[in-house]
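Novice: Sending over a structure as structure tokens; questions will come in a sec.
The values are calculated or read from the model by the stated rules, or taken from the named source; none is laboratory data. Keep in mind it's a predicted model, so treat the numbers as computed, not measured. A quick note on method: Cβ atoms are made from the backbone with ideal geometry, for glycine too, and the neighbour counts reach across all protein chains shown. Only protein heavy atoms, including side chains, enter the accessible area calculation; ligands, DNA and RNA are left aside. Shrake-Rupley method; radii C 1.70, N 1.55, O 1.52, S 1.80 Å.
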Amino acid sequence: MIYAVGDIHGFTDQLDQALARIEKDGGADARIVFLGDYTDRGPDSCGVVTRLLDGVNSDRNWTVLRGNHDRMFCRFVTDGTVQDKRIKTPGLDWLHSRLGGTDTLRSYGVDTEAADLLAQAQAKVPPEHLAFLETRPLYLETEDLIFVHAGIRPGLALKDQTEDDLIWIRDGFLDHQGPQEKLVIHGHTALETPEHFGNRIDLDGGCGYGRELVPAVFEGSECWLLTKDGRVPLTPPAETALSLAPREA
């Protein structure tokens, strides 16, 4: 049995609720995979990273994967980079309100109206937070499942996937209707609620946009969502709907 938590985006209250539901269902030692995007948009990215870091340092059975927002955060604090080549919208960068980088900086005590934004970030973001996010694995493969932030390039061996695709991909993955080698569990593309598409499950239910963070539990390739009322089966529709309206980041 393995649990998964989608994009948290700086909401510690939602993370705490998800962890409580997992513990109620599977106990304090439950195996959990976090699918990336711990930072940006929400009010407490610092608190989310702290909780995950403390859990890993306490030898919890947690796998904490890397997301594209986590990489953008690290790149800014390291050298001031605000652009990512995978963002195609002109004028959209990590500091734009739509992506939420300034929300992350404020959670670390940075005055985002000041001119010395980078200097403040480098002084106030703990080096251990950067090291933690920069060293997160890009995927986890089990006997039945592949856990990854954004998805995979269909037809390409997992070992040959690029980091950019694993944390950014949409085109070529979301619209792929054929079977994958294993069921892919991902986040990154925000929906109204987690959905099963037959060859993949998207667990990003839009926590970064104010919706509830709903964790999932897997037994083999069978999936249930953990709601306030307990387990609810998550199964693909009779006819898989693959037409999504993905957000930029």
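Novice: For segment 1-83, compute Rh as the Kirkwood radius over C-alpha pairs and then the Stokes-Einstein diffusion coefficient at 37 °C and 0.692 mPa s; write the answer in µm²/s, rounded to an integer.
Specialist: 249
Novice: Where does segment 104-149 land on Rg/Rh, using Cα atoms and the Kirkwood Rh?
Specialist: Taking Rh as the inverse mean 1/r over Cα pairs, Rg/Rh reads 1.24.
Novice: State the Cα centre-to-centre distance between segment 1-58 and segment 169-243 in whole Å.
Specialist: Here the two parts' Cα centres lie 17 Å apart.
Novice: Taking 2.2 N^0.38 Å as the expected size of a compact globular protein, what ratio does the Cα radius of gyration of segment 1-48 give against it, to two decimals?
Specialist: 1.14
Novice: Probe of 1.4 angstrom, ligands and nucleic acids ignored: what's the accessible area per residue over the chain, in square angstrom?
Specialist: 43
Novice: Report for the chain the percent antiparallel among DSSP-assigned beta bridges with both residues inside it, nearest 5.
Specialist: 55
Novice: Loop only by DSSP, 11 or fewer other Cβ within 10 Å of the Cβ. Give me the GluC sites (Glu not before Pro) in segment 157-212 that pass, ordered by residue number.
Specialist: Answer by residue number: 192.
Novice: Please work out the Kirkwood hydrodynamic radius for the chain, using every pair of different C-alpha atoms, and report it in angstroms with one decimal place.
Specialist: Over the chain, the inverse of the mean reciprocal pair distance is 18.2 Å.
Novice: What longest region of the chain stays clear of trypsin sites (Lys or Arg not before Pro) that DSSP places outside H, G, I, E and B and that have at most 11 other Cβ atoms within 10 Å?
Specialist: That gives 89-227 as the longest site-free run.
Novice: When the accessible area of segment 34-146 is computed with all protein chains present and a 1.4 Å probe, what percentage of it is carbon and sulfur?
Specialist: Percent of accessible area from carbon and sulfur atoms in segment 34-146: 47.
Novice: Another question about this same structure. Would you kindly calculate the mean projected area, averaged across all directions, of the convex hull enclosing the Cα atoms of segment 108-240, in square nanometres?
Specialist: Convex hull of Cα atoms, orientation-averaged projection: 10.8 nm².
Novice: Relative contact order of segment 98-249, please, whole-number percent, based on alpha carbon pairs below 8 angstrom and at least 6 residues apart.
Specialist: 15
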